[in-house]
Amino acid sequence: MAASGCLLLGAALALSAGVGLVRFRTTLDRMHAGTKPQVLGVLLVLLAMWLHRPTWANAGPLLLVGCSQVITVSVAAYMVARAAYSRASRAGDDGTALPAETGSGESAESPESDESAESGGD
């Protein structure tokens, strides 16, 4: 019973993290939505896995995954926050705006246009 509760709550938190990534506008808001509930959701899913089969053989790998998740997400969030802060050029612009679309349907910096320019238009 506890395992299924942890699993459902963890899945709900992971879903809320995904919704927050789509819904929020700025990098710092997205970063918060992608790290806080997602880490707690993963830890709850790992706890549910251990509660389903509570053996020491299962506990080691689950603890390793949980610790790795906590460490890597915090470091990645710190690096994203530094990059967003350093790229902020105007008030309200955090440097993550999507590029403007061109009329031809391809971006101006597409790899295909670079390759054709290098080959001499053959």
Test SER68 against the stated conditions and say whether it is over 14 Å from the mean Cα position of the chain (by Cα) and in a helix (DSSP H, G or I).
yes
Is there any pair linking a residue in the range 24-46 that is part of a loop (DSSP other than H, G, I, E, B) to one that is crowded, with 17+ Cβ neighbours inside 10 Å, with Cβ under 7 Å and at least six apart or on different chains, and which?
PHE24/ARG30; PHE24/ALA33; THR26/ASP94
For residues that are touching a residue at least 40 places away in the same chain (Cβ under 8 Å) and among the hydrophobic types (A, V, I, L, M, F, W, C), scanning just the range 3-23, find the one that is farthest from VAL45 (Cα to Cα).
ALA3
Flag if SER89 is among the small types (Gly, Ala, Ser), at pLDDT below 90 and out of contact with any helix residue (DSSP H, G or I) (no Cβ under 9 Å at 6 or more places or on another chain):
yes
Checking the structure you have, find out if any residue of the range 51-61 is closer than 30 Å to MET1 by Cα, under 18 Å from the mean Cα position of the chain (by Cα), among the hydrophobic types (A, V, I, L, M, F, W, C) and surrounded by fewer than 15 Cβ atoms within 10 Å (Cβ to Cβ).
no
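The values are calculated or read from the model by the stated rules, or taken from the named source; none is laboratory data. If you're wondering where the values come from, they're calculated on a predicted model, not measured in any experiment. Ideal geometry is used to build each Cβ from the backbone, glycine not excepted, and the neighbour counts take in all protein chains shown.
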